1. So for 65, 46, 91, fewest C-beta neighbours within 10 Å to most, what's the order?
2. Using a Förster radius of 35 Å, what is the FRET efficiency between residue 66 and residue 5 based on their Cβ-Cβ separation? Nearest 0.05, please.
3. Please compute the modelled spin-label separation between residue 15 and residue 27, points set 7 Å along Cα→Cβ, answer in nm with one decimal.
4. Tell me which label goes with the value of Rg/Rh (Cα atoms, Kirkwood Rh) computed from the coordinates here: (i) 1.17; (ii) 1.26; (iii) 1.08.
5. Once both labels are modelled 7 Å past Cα along the beta-carbon direction, what's the residue 34-residue 86 spacing in nm?
């Protein structure tokens with residue numbers, strides 16, 4: 001059995017690794033938001049509707065398929081990307 005301090009050090013290191021991944025996710029979300037703003041400009045310039053449900057459904061189907069290949073829950077991916085998509089729409093409408 002490991003000593004309590006060994007357990008805490010191991011747990012602390014793992015939590016630090018999770019924190020680093022979380023920061024990477026935030027950076028990627030910021031990058032995605034920047035790209036969404038460029039998409040908004042193109043759509044406005046060419047009078048394209050902001051909301052394109054067929055595009056979102058194609059993206060979601062692709063991500064669900066990829067999630068399954070990576071042993072991730074398609075339901076979780078649906079929830080996450082629905083939230084991301086809703087924010088993208090808000091950015092495009094502003």
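1. Lowest count first: 46, 65, 91.
2. In this case the efficiency is close to 0.30.
3. 2.3 nm
4. (i)
5. In this crude label model, residue 34 to residue 86 measures out at 2.6 nm.
Read the figures in this text as sums done on the coordinates, not as results from a lab. Please read these numbers as outputs of a predicted model, since none were measured by experiment. Note that we place each Cβ from the backbone using ideal geometry, even for glycine, and neighbour counts take in every protein chain shown.
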